[in-house]
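Visitor: This is the structure I have questions about; it appears just below.
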Amino acid sequence: MITIDDIRPYYDTEVNDALLQFMKHPMVLAMLQFTFPDKEVDEIMEIAKSCHSIRDFQTKIIYNSVRMVLEKSSEGFFTSGFDKLDPNESYLFVCNHRDIILDTSLLNVALYEHDLVMTASAIGDNLVKKPFLMALSRLNRNFLIKRDLSPREMLKSSKLVSSYIGDLLQQEKRSVWIAQREGRTKNGDDQTQQGVLKMLALASDEAEVMDYFKKLKIVPIAISYEYDPTDIWKMPELMAKHKEIEYVKSSNEDFNSILKGVTGKKKRIQITAGDVLSDELDLIRDSGEPNNKQFQMLADIIDEKIHLNYKLWPSNYLAYDMLNNTTRFESKYTDKEKRQFNRRIKRRVQAANEIELQNFLSMYANPVTNHLKHKAIAG
(Lines give C-alpha, C1' and ligand atoms only; values in the text may rest on other atoms or scores of the structure.)
Protein backbone atom coordinates (compact mmCIF):
# COMPACT_ATOMS: atom_id res chain seq x y z
CA MET A 1 0.00 0.00 0.00
CA ILE A 2 1.32 3.44 -0.98
CA THR A 3 1.77 5.89 1.90
CA ILE A 4 2.90 9.50 2.25
CA ASP A 5 6.43 8.28 2.98
CA ASP A 6 6.52 6.73 -0.51
CA ILE A 7 5.91 10.05 -2.27
CA ARG A 8 7.07 12.90 -0.02
CA PRO A 9 10.26 15.01 -0.18
CA TYR A 10 12.80 14.72 2.60
CA TYR A 11 11.92 16.23 5.93
CA ASP A 12 14.34 18.97 6.95
CA THR A 13 15.79 16.64 9.56
CA GLU A 14 16.79 14.19 6.79
CA VAL A 15 18.43 16.70 4.45
CA ASN A 16 21.95 16.77 5.88
CA ASP A 17 22.26 12.99 6.05
CA ALA A 18 21.04 12.66 2.45
CA LEU A 19 23.55 15.24 1.26
CA LEU A 20 26.40 13.55 3.13
CA GLN A 21 25.40 10.26 1.49
CA PHE A 22 25.16 11.52 -2.09
CA MET A 23 27.41 14.58 -2.41
CA LYS A 24 30.38 12.49 -3.57
CA HIS A 25 28.35 10.65 -6.21
CA PRO A 26 30.06 11.50 -9.54
CA MET A 27 26.95 13.17 -11.02
CA VAL A 28 26.13 15.13 -7.85
CA LEU A 29 29.77 16.20 -7.48
CA ALA A 30 29.81 17.27 -11.14
CA MET A 31 26.71 19.39 -10.52
CA LEU A 32 28.30 20.99 -7.46
CA GLN A 33 31.54 21.74 -9.32
CA PHE A 34 29.55 23.23 -12.21
CA THR A 35 27.66 25.40 -9.71
CA PHE A 36 30.80 26.64 -7.93
CA PRO A 37 33.55 26.66 -10.60
CA ASP A 38 35.82 28.96 -8.60
CA LYS A 39 35.81 26.86 -5.42
CA GLU A 40 37.93 23.90 -4.39
CA VAL A 41 36.19 20.59 -3.69
CA ASP A 42 36.72 20.99 0.06
CA GLU A 43 35.00 24.40 0.01
CA ILE A 44 32.10 22.98 -2.00
CA MET A 45 31.71 20.14 0.46
CA GLU A 46 31.51 22.62 3.33
CA ILE A 47 28.65 24.42 1.58
CA ALA A 48 26.82 21.11 1.15
CA LYS A 49 27.45 20.14 4.77
CA SER A 50 25.99 23.46 5.93
CA CYS A 51 22.57 22.59 4.48
CA HIS A 52 20.18 21.44 7.20
CA SER A 53 16.84 22.08 5.46
CA ILE A 54 15.35 21.96 2.00
CA ARG A 55 15.37 25.75 1.91
CA ASP A 56 19.10 25.70 2.71
CA PHE A 57 19.70 23.30 -0.17
CA GLN A 58 17.54 25.30 -2.57
CA THR A 59 18.96 28.72 -1.72
CA LYS A 60 22.61 27.81 -1.13
CA ILE A 61 23.00 25.31 -3.97
CA ILE A 62 20.13 24.83 -6.43
CA TYR A 63 19.43 28.55 -6.93
CA ASN A 64 23.10 29.03 -7.83
CA SER A 65 23.02 25.94 -10.07
CA VAL A 66 20.09 27.28 -12.08
CA ARG A 67 21.62 30.74 -12.33
CA MET A 68 24.81 29.13 -13.68
CA VAL A 69 22.76 27.13 -16.21
CA LEU A 70 21.15 30.38 -17.36
CA GLU A 71 24.53 32.09 -17.63
CA LYS A 72 26.02 29.26 -19.69
CA SER A 73 23.11 28.28 -21.93
CA SER A 74 20.66 31.20 -22.27
CA GLU A 75 20.59 34.80 -23.44
CA GLY A 76 18.40 36.04 -20.61
CA PHE A 77 15.68 34.95 -18.19
CA PHE A 78 12.63 37.20 -17.88
CA THR A 79 9.64 37.11 -15.55
CA SER A 80 6.25 38.79 -15.49
CA GLY A 81 3.22 38.84 -13.21
CA PHE A 82 4.93 37.74 -10.00
CA ASP A 83 4.71 41.18 -8.41
CA LYS A 84 0.93 40.70 -8.18
CA LEU A 85 1.28 37.69 -5.88
CA ASP A 86 1.19 37.89 -2.08
CA PRO A 87 4.42 36.83 -0.27
CA ASN A 88 2.30 35.46 2.58
CA GLU A 89 0.10 33.25 0.40
CA SER A 90 0.54 29.80 -1.07
CA TYR A 91 -0.61 29.11 -4.63
CA LEU A 92 -1.28 26.15 -6.90
CA PHE A 93 0.77 26.89 -10.02
CA VAL A 94 -0.61 25.01 -13.02
CA CYS A 95 2.04 25.25 -15.71
CA ASN A 96 2.63 24.25 -19.30
CA HIS A 97 5.42 21.69 -19.35
CA ARG A 98 8.39 21.76 -21.73
CA ASP A 99 11.43 20.67 -19.71
CA ILE A 100 11.66 17.95 -17.05
CA ILE A 101 13.86 19.88 -14.61
CA LEU A 102 14.04 23.50 -15.73
CA ASP A 103 10.32 24.37 -15.71
CA THR A 104 10.03 23.94 -11.95
CA SER A 105 13.55 25.17 -11.24
CA LEU A 106 12.99 28.43 -13.13
CA LEU A 107 9.65 28.98 -11.43
CA ASN A 108 11.36 28.67 -8.06
CA VAL A 109 14.09 31.11 -9.14
CA ALA A 110 11.33 33.59 -10.00
CA LEU A 111 9.55 32.97 -6.69
CA TYR A 112 12.76 33.28 -4.66
CA GLU A 113 13.76 36.52 -6.36
CA HIS A 114 10.29 37.97 -5.70
CA ASP A 115 10.31 36.84 -2.01
CA LEU A 116 7.40 34.48 -2.64
CA VAL A 117 6.74 31.01 -1.23
CA MET A 118 8.67 28.41 -3.23
CA THR A 119 6.98 25.24 -4.37
CA ALA A 120 6.72 21.59 -3.67
CA SER A 121 6.64 20.12 -7.17
CA ALA A 122 5.13 17.00 -8.71
CA ILE A 123 7.43 14.66 -10.64
CA GLY A 124 6.78 11.27 -12.20
CA ASP A 125 8.60 8.44 -10.45
CA ASN A 126 9.68 7.17 -13.88
CA LEU A 127 11.98 10.21 -14.16
CA VAL A 128 13.93 9.56 -10.97
CA LYS A 129 14.71 5.86 -11.08
CA LYS A 130 18.41 6.45 -10.54
CA PRO A 131 19.08 6.71 -6.77
CA PHE A 132 21.02 9.98 -7.04
CA LEU A 133 18.18 11.55 -9.07
CA MET A 134 15.66 10.39 -6.49
CA ALA A 135 17.78 11.96 -3.74
CA LEU A 136 18.18 15.25 -5.62
CA SER A 137 14.46 15.42 -6.35
CA ARG A 138 13.55 14.84 -2.70
CA LEU A 139 16.16 17.40 -1.60
CA ASN A 140 14.54 19.88 -3.98
CA ARG A 141 11.06 19.39 -2.49
CA ASN A 142 9.65 17.17 -5.23
CA PHE A 143 6.87 14.72 -4.45
CA LEU A 144 6.28 11.64 -6.57
CA ILE A 145 3.48 10.83 -8.96
CA LYS A 146 3.45 7.05 -9.26
CA ARG A 147 3.24 5.64 -12.78
CA ASP A 148 2.54 2.16 -14.14
CA LEU A 149 0.06 1.14 -11.45
CA SER A 150 -3.03 -1.01 -11.77
CA PRO A 151 -6.29 1.01 -12.06
CA ARG A 152 -7.14 0.24 -8.44
CA GLU A 153 -3.71 1.23 -7.14
CA MET A 154 -3.71 4.32 -9.37
CA LEU A 155 -6.95 5.54 -7.79
CA LYS A 156 -5.51 5.03 -4.29
CA SER A 157 -2.31 6.82 -5.27
CA SER A 158 -4.24 9.70 -6.88
CA LYS A 159 -6.33 10.16 -3.73
CA LEU A 160 -3.17 10.22 -1.63
CA VAL A 161 -1.47 12.78 -3.89
CA SER A 162 -4.61 14.93 -4.01
CA SER A 163 -4.87 14.95 -0.23
CA TYR A 164 -1.16 15.70 0.10
CA ILE A 165 -1.41 18.66 -2.28
CA GLY A 166 -4.46 19.99 -0.43
CA ASP A 167 -2.60 19.76 2.89
CA LEU A 168 0.50 21.46 1.48
CA LEU A 169 -1.52 24.40 0.20
CA GLN A 170 -4.00 24.83 3.03
CA GLN A 171 -2.23 23.53 6.16
CA GLU A 172 1.48 24.03 5.49
CA LYS A 173 0.96 27.14 3.33
CA ARG A 174 3.39 25.67 0.82
CA SER A 175 2.91 26.54 -2.86
CA VAL A 176 2.67 23.66 -5.32
CA TRP A 177 3.74 23.27 -8.96
CA ILE A 178 1.94 20.78 -11.17
CA ALA A 179 2.03 20.36 -14.93
CA GLN A 180 -1.19 20.96 -16.82
CA ARG A 181 -0.85 17.48 -18.34
CA GLU A 182 0.90 14.18 -17.76
CA GLY A 183 4.30 14.44 -19.38
CA ARG A 184 5.89 17.23 -21.37
CA THR A 185 4.20 18.83 -24.35
CA LYS A 186 6.11 17.48 -27.35
CA ASN A 187 4.30 19.29 -30.19
CA GLY A 188 4.09 22.77 -28.65
CA ASP A 189 0.30 22.55 -28.28
CA ASP A 190 -0.19 23.16 -24.55
CA GLN A 191 -3.52 21.68 -23.43
CA THR A 192 -4.71 21.03 -19.88
CA GLN A 193 -5.86 17.48 -19.25
CA GLN A 194 -9.08 16.98 -17.36
CA GLY A 195 -7.47 14.07 -15.54
CA VAL A 196 -5.07 16.41 -13.72
CA LEU A 197 -7.96 18.55 -12.49
CA LYS A 198 -10.00 15.51 -11.48
CA MET A 199 -7.05 14.20 -9.47
CA LEU A 200 -6.75 17.53 -7.65
CA ALA A 201 -10.48 17.47 -6.89
CA LEU A 202 -10.38 14.05 -5.20
CA ALA A 203 -9.56 15.77 -1.90
CA SER A 204 -12.40 18.29 -2.19
CA ASP A 205 -14.25 18.99 1.04
CA GLU A 206 -16.75 21.33 -0.65
CA ALA A 207 -20.19 20.57 -2.07
CA GLU A 208 -19.17 22.43 -5.22
CA VAL A 209 -15.79 21.44 -6.63
CA MET A 210 -15.13 24.95 -7.96
CA ASP A 211 -15.36 26.29 -4.40
CA TYR A 212 -12.59 23.85 -3.48
CA PHE A 213 -10.46 25.06 -6.39
CA LYS A 214 -10.96 28.64 -5.19
CA LYS A 215 -9.38 27.66 -1.87
CA LEU A 216 -6.34 26.26 -3.68
CA LYS A 217 -5.69 29.63 -5.41
CA ILE A 218 -4.90 28.41 -8.93
CA VAL A 219 -2.38 30.52 -10.86
CA PRO A 220 -1.79 29.55 -14.52
CA ILE A 221 1.90 29.74 -15.46
CA ALA A 222 3.26 30.09 -19.01
CA ILE A 223 6.91 29.28 -19.65
CA SER A 224 8.47 29.72 -23.08
CA TYR A 225 11.93 28.94 -24.41
CA GLU A 226 13.05 30.73 -27.57
CA TYR A 227 14.85 27.52 -28.53
CA ASP A 228 13.72 24.25 -26.98
CA PRO A 229 17.00 22.51 -26.06
CA THR A 230 15.26 19.13 -26.28
CA ASP A 231 13.46 19.70 -29.59
CA ILE A 232 15.58 17.10 -31.37
CA TRP A 233 14.81 14.53 -28.64
CA LYS A 234 11.08 15.05 -29.12
CA MET A 235 11.11 14.35 -32.86
CA PRO A 236 11.13 10.51 -32.76
CA GLU A 237 7.98 10.45 -30.61
CA LEU A 238 6.25 13.01 -32.84
CA MET A 239 7.10 10.99 -35.94
CA ALA A 240 5.87 7.77 -34.35
CA LYS A 241 2.60 9.47 -33.49
CA HIS A 242 2.27 10.77 -37.05
CA LYS A 243 2.78 7.24 -38.40
CA GLU A 244 0.33 5.90 -35.77
CA ILE A 245 2.84 3.45 -34.35
CA GLU A 246 3.63 2.86 -30.69
CA TYR A 247 6.58 4.83 -29.39
CA VAL A 248 8.83 3.02 -26.91
CA LYS A 249 11.33 5.11 -24.97
CA SER A 250 14.93 3.99 -24.76
CA SER A 251 16.18 3.11 -21.28
CA ASN A 252 18.12 6.36 -20.79
CA GLU A 253 15.90 8.69 -22.81
CA ASP A 254 14.48 10.66 -19.88
CA PHE A 255 17.92 11.05 -18.31
CA ASN A 256 19.37 12.25 -21.61
CA SER A 257 16.51 14.73 -21.94
CA ILE A 258 17.27 16.06 -18.46
CA LEU A 259 20.94 16.58 -19.37
CA LYS A 260 20.14 18.14 -22.74
CA GLY A 261 17.53 20.41 -21.16
CA VAL A 262 20.11 21.72 -18.71
CA THR A 263 23.06 22.05 -21.08
CA GLY A 264 21.42 22.83 -24.43
CA LYS A 265 21.19 26.36 -25.84
CA LYS A 266 17.87 28.05 -25.13
CA LYS A 267 18.38 31.68 -26.15
CA ARG A 268 15.81 33.70 -24.17
CA ILE A 269 13.35 32.31 -21.63
CA GLN A 270 10.28 33.92 -20.10
CA ILE A 271 7.96 32.75 -17.35
CA THR A 272 4.69 34.60 -16.78
CA ALA A 273 2.34 34.24 -13.82
CA GLY A 274 -1.33 34.82 -14.57
CA ASP A 275 -3.91 36.15 -12.15
CA VAL A 276 -5.37 33.92 -9.44
CA LEU A 277 -8.50 32.28 -10.83
CA SER A 278 -11.54 33.44 -8.85
CA ASP A 279 -14.44 35.03 -10.73
CA GLU A 280 -13.94 32.48 -13.49
CA LEU A 281 -14.54 29.66 -10.99
CA ASP A 282 -17.73 31.33 -9.76
CA LEU A 283 -19.05 31.48 -13.32
CA ILE A 284 -18.28 27.80 -13.87
CA ARG A 285 -19.91 26.83 -10.56
CA ASP A 286 -23.03 28.86 -11.33
CA SER A 287 -23.34 27.51 -14.87
CA GLY A 288 -25.37 24.55 -13.66
CA GLU A 289 -23.31 22.23 -15.86
CA PRO A 290 -22.47 18.69 -14.64
CA ASN A 291 -19.05 18.19 -13.06
CA ASN A 292 -17.43 16.70 -16.17
CA LYS A 293 -18.39 19.76 -18.18
CA GLN A 294 -17.16 22.03 -15.37
CA PHE A 295 -13.76 20.33 -15.42
CA GLN A 296 -13.51 20.95 -19.16
CA MET A 297 -14.58 24.58 -18.72
CA LEU A 298 -11.80 25.03 -16.15
CA ALA A 299 -9.27 23.32 -18.42
CA ASP A 300 -10.28 25.70 -21.23
CA ILE A 301 -9.80 28.75 -18.99
CA ILE A 302 -6.35 27.59 -17.85
CA ASP A 303 -5.42 26.99 -21.49
CA GLU A 304 -6.62 30.46 -22.46
CA LYS A 305 -4.52 32.12 -19.75
CA ILE A 306 -1.43 30.09 -20.66
CA HIS A 307 -1.81 30.67 -24.40
CA LEU A 308 -2.31 34.42 -24.04
CA ASN A 309 0.52 34.80 -21.49
CA TYR A 310 2.96 32.66 -23.49
CA LYS A 311 5.83 34.86 -24.67
CA LEU A 312 6.14 34.44 -28.42
CA TRP A 313 9.71 34.61 -29.72
CA PRO A 314 11.05 35.15 -33.26
CA SER A 315 11.43 31.35 -33.53
CA ASN A 316 7.68 30.95 -33.01
CA TYR A 317 6.71 33.55 -35.60
CA LEU A 318 9.25 32.18 -38.08
CA ALA A 319 7.97 28.64 -37.72
CA TYR A 320 4.37 29.84 -38.17
CA ASP A 321 5.25 31.72 -41.36
CA MET A 322 7.26 28.81 -42.77
CA LEU A 323 4.60 26.24 -41.90
CA ASN A 324 1.82 28.32 -43.44
CA ASN A 325 3.86 29.65 -46.39
CA THR A 326 3.15 33.25 -45.42
CA THR A 327 4.97 36.43 -44.46
CA ARG A 328 2.32 37.48 -41.95
CA PHE A 329 4.78 37.93 -39.10
CA GLU A 330 7.93 38.94 -41.00
CA SER A 331 8.18 42.11 -38.88
CA LYS A 332 8.66 39.90 -35.79
CA TYR A 333 12.05 38.52 -36.84
CA THR A 334 15.24 39.69 -38.50
CA ASP A 335 17.17 38.16 -41.38
CA LYS A 336 19.83 37.07 -38.89
CA GLU A 337 17.23 35.29 -36.72
CA LYS A 338 15.85 33.63 -39.83
CA ARG A 339 19.30 32.33 -40.81
CA GLN A 340 19.90 31.04 -37.28
CA PHE A 341 16.57 29.21 -37.20
CA ASN A 342 17.16 27.68 -40.63
CA ARG A 343 20.53 26.40 -39.44
CA ARG A 344 18.81 24.84 -36.44
CA ILE A 345 16.32 23.10 -38.73
CA LYS A 346 19.09 21.71 -40.96
CA ARG A 347 20.85 20.20 -37.95
CA ARG A 348 17.67 18.52 -36.73
CA VAL A 349 15.55 17.61 -39.74
CA GLN A 350 16.31 15.51 -42.81
CA ALA A 351 16.19 17.87 -45.77
CA ALA A 352 13.98 15.65 -47.94
CA ASN A 353 11.55 14.64 -45.19
CA GLU A 354 8.59 17.01 -45.51
CA ILE A 355 6.61 15.35 -42.70
CA GLU A 356 9.53 15.66 -40.30
CA LEU A 357 9.90 19.33 -41.21
CA GLN A 358 6.20 19.98 -40.62
CA ASN A 359 6.35 18.31 -37.20
CA PHE A 360 9.41 20.32 -36.23
CA LEU A 361 7.88 23.62 -37.36
CA SER A 362 4.58 22.82 -35.63
CA MET A 363 6.44 22.42 -32.34
CA TYR A 364 7.38 26.10 -32.53
CA ALA A 365 4.33 27.37 -34.46
CA ASN A 366 1.55 25.94 -32.27
CA PRO A 367 1.96 28.58 -29.53
CA VAL A 368 1.28 31.26 -32.18
CA THR A 369 -1.77 29.35 -33.46
CA ASN A 370 -3.14 29.03 -29.93
CA HIS A 371 -2.46 32.70 -29.15
CA LEU A 372 -4.29 33.81 -32.30
CA LYS A 373 -7.24 31.53 -31.52
CA HIS A 374 -7.78 33.08 -28.09
CA LYS A 375 -7.20 36.62 -29.33
CA ALA A 376 -9.89 36.04 -31.97
CA ILE A 377 -12.32 34.74 -29.34
CA ALA A 378 -11.57 37.69 -27.02
CA GLY A 379 -11.80 40.16 -29.88
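Visitor: Out of the residues in the range 56-79 that are under 12 Å from I269 (Cβ atoms) and aromatic (F, W, Y), state the one that is most open to solvent (accessible area, probe 1.4 Å). Full working, then the answer.
Guide: Residues of the range 56-79 that are under 12 Å from I269 (Cβ atoms), as a first pass: 66, 69-70, 73-79.
If we keep only those that are aromatic (F, W, Y) as well, we get 77-78.
On the way: F77: 32, F78: 89 Å².
Taking the candidates together, the pick is F78.
Visitor: Evaluate the following for F82: is it out of contact with any strand residue (DSSP E or B) (no Cβ under 6 Å at 6 or more places or on another chain) and open to solvent by less than 10 Å² (accessible area, probe 1.4 Å)? First the steps, then the outcome.
Guide: Numbers: out of contact with any strand residue (DSSP E or B) (no Cβ under 6 Å at 6 or more places or on another chain): no; open to solvent by less than 10 Å² (accessible area, probe 1.4 Å): yes.
The answer is no for F82.
Visitor: So, in the range 156-191, exactly how many residues are closer than 19 Å to N126 by Cβ and either free of Cβ contacts under 8 Å to residues at least 12 places away in the same chain or in a loop (DSSP other than H, G, I, E, B) (or both)?
Guide: 7
Visitor: So, in the range 268-280, of the ones that are among the small types (G, A, S) and part of a loop (DSSP other than H, G, I, E, B), which residue ends up surrounded by the most Cβ atoms within 10 Å (Cβ to Cβ)?
Guide: The extreme case among them is G274.
Visitor: Quick check on the range 192-208: of everything there that is in contact with a Ser or Thr (Cβ under 8 Å, 6 or more places away or on another chain) and in a loop (DSSP other than H, G, I, E, B), which residue is least open to solvent (accessible area, probe 1.4 Å)? Steps first, please.
Guide: Of the residues in the range 192-208, the ones in contact with a Ser or Thr (Cβ under 8 Å, 6 or more places away or on another chain) are 199-203.
Applying the additional criterion that residues be in a loop (DSSP other than H, G, I, E, B) yields 202-203.
Working: L202: 79, A203: 33 Å².
Top of the filtered list is A203.
Visitor: Checking F36 against (1) of a type outside the set (D, E); (2) open to solvent by less than 40 Å² (accessible area, probe 1.4 Å); (3) within 15 Å of L139 (Cβ to Cβ), which single condition isn't satisfied?
Guide: (3)
Visitor: Now for a separate question. If we scan the range 255-267, do we find a residue that is crowded, with 19+ Cβ neighbours inside 10 Å, of a type outside the set (S, T, Y) and over 26 Å from V94 (Cβ atoms)?
Guide: The answer is no; no qualifying residue exists.
Visitor: Kindly establish whether L283 is surrounded by 20 or more Cβ atoms within 10 Å (Cβ to Cβ) and in contact with a helix residue (DSSP H, G or I) (Cβ under 9 Å, 6 or more places away or on another chain). Full working, then the answer.
Guide: Working: surrounded by 20 or more Cβ atoms within 10 Å (Cβ to Cβ): no; in contact with a helix residue (DSSP H, G or I) (Cβ under 9 Å, 6 or more places away or on another chain): yes.
It is false that L283 is surrounded by 20 or more Cβ atoms within 10 Å (Cβ to Cβ) and in contact with a helix residue (DSSP H, G or I) (Cβ under 9 Å, 6 or more places away or on another chain).
Visitor: Moving on to the next point. If I355 meets every condition in (1) modelled with pLDDT under 95; (2) under 30 Å from V69 (Cβ atoms); (3) not small (G, A, S) apart from one, which number is that one?
Guide: For I355, the failing item is (2).
Visitor: Kindly indicate which of E244, E289, E304 is open to solvent by 50 Å² or more (accessible area, probe 1.4 Å) and part of a helix (DSSP H, G or I). First the steps, then the outcome.
Guide: Numbers: E244 fails: part of a helix (DSSP H, G or I); E289 fails: part of a helix (DSSP H, G or I).
On inspection, the qualifying residue turns out to be E304.
The values are calculated or read from the model by the stated rules, or taken from the named source; none is laboratory data. All values reported here derive from a predicted model rather than from experimental measurement. All Cβ positions, glycine included, derive from the backbone under ideal geometry; neighbour counts span all protein chains shown. Please note that ligands, DNA and RNA were not included when accessible areas were found on the heavy atoms of the full protein model with its side chains. Shrake-Rupley method; radii C 1.70, N 1.55, O 1.52, S 1.80 Å.
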